[in-house]
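Heads up, the thing below is written out as structure tokens.
Bear in mind these aren't lab numbers, they're just calculated from the coordinates by the rules spelled out. These numbers were taken from a predicted model, which means no experiment stands behind them. Here the Cβ positions follow ideal geometry from the backbone for every residue, glycine too, while neighbour counts run over all protein chains shown.
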Amino acid sequence: MSRALGHGRTQCLEVDEARHHYPTVCVACSGHLDKEGPERTASAHDLIDLDLPASGRCGLEVIQRNHLDHPRQCACGHWTCADPATGGDEVGGV
């Protein structure tokens, strides 16, 4: 059986901003996830967004954002990822 070849963006764009996503509640026990608790980077993906420009400028700005998901481990032992629909807590930066 042959497999279909994948495809993706061929342009290499500079990342303008990184957004880190952290869960705040354990999905297994509903416990609060401590910011100082164990965490790891599980996945990352880039998105191209169109933003309104800074004041005094016209048009739209093209921004490439790198989204990084950081699961955290609860005291119960379960690792929880941020909800992709809400993004969890976001911390911006480059």
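Please say if region 1-55 is rounded, prolate or oblate, where rounded means a/c under 1.5 for a ≥ b ≥ c the square roots of the C-alpha gyration tensor eigenvalues, and otherwise the choice is prolate for a/b larger than b/c and oblate otherwise? Spell out each step's value before the answer.
Values: a/c = 2.91, a/b = 1.31, b/c = 2.21.
Verdict is oblate for region 1-55.
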### Query
Shape of the chain from its Cα gyration tensor (a ≥ b ≥ c, root eigenvalues): rounded if a/c is under 1.5, otherwise prolate when a/b > b/c, or oblate?
oblate
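Please work out whether region 23-65 counts as rounded, prolate or oblate from its C-alpha gyration tensor, where a ≥ b ≥ c are the square roots of the eigenvalues and a/c under 1.5 means rounded, while otherwise a/b larger than b/c means prolate and anything else oblate?
Values: a/c = 3.80, a/b = 2.72, b/c = 1.40.
Prolate, because a/c is 1.5 or more and a/b exceeds b/c.
Restricting to region 1-74, what percent of DSSP beta bridges are antiparallel, rounded to 5? Please list the in-between numbers first.
Values: 11 of 16 bridges.
Expressed as a percentage, antiparallel bridges in region 1-74 total about 70.
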### Message
For a quick check, take a GNM of the chain with Cα springs below 10 Å and name the residue from C76, C26, C58 with the largest mean-square fluctuation.
### Response
C58
### Query
In a GNM of the chain with a 10 Å cut-off on Cα contacts, which of Q11, Q73, Q64 has the highest mean-square fluctuation?
Q11
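Looking at the chain, identify the longest residue range that excludes and avoids all GluC sites (Glu not before Pro) in DSSP loops having at most 11 other Cβ atoms within 10 Å. Each step should come with its number before you reach the end.
Details: sites that count: E14, E36.
Counting at most 11 other Cβ atoms within 10 Å as exposed, the longest clean stretch of the chain is 37-94.
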### Summary
Listed residues R19, R65, R40; largest mean-square fluctuation, Gaussian network over the chain with Cα springs below 10 Å, found at R40
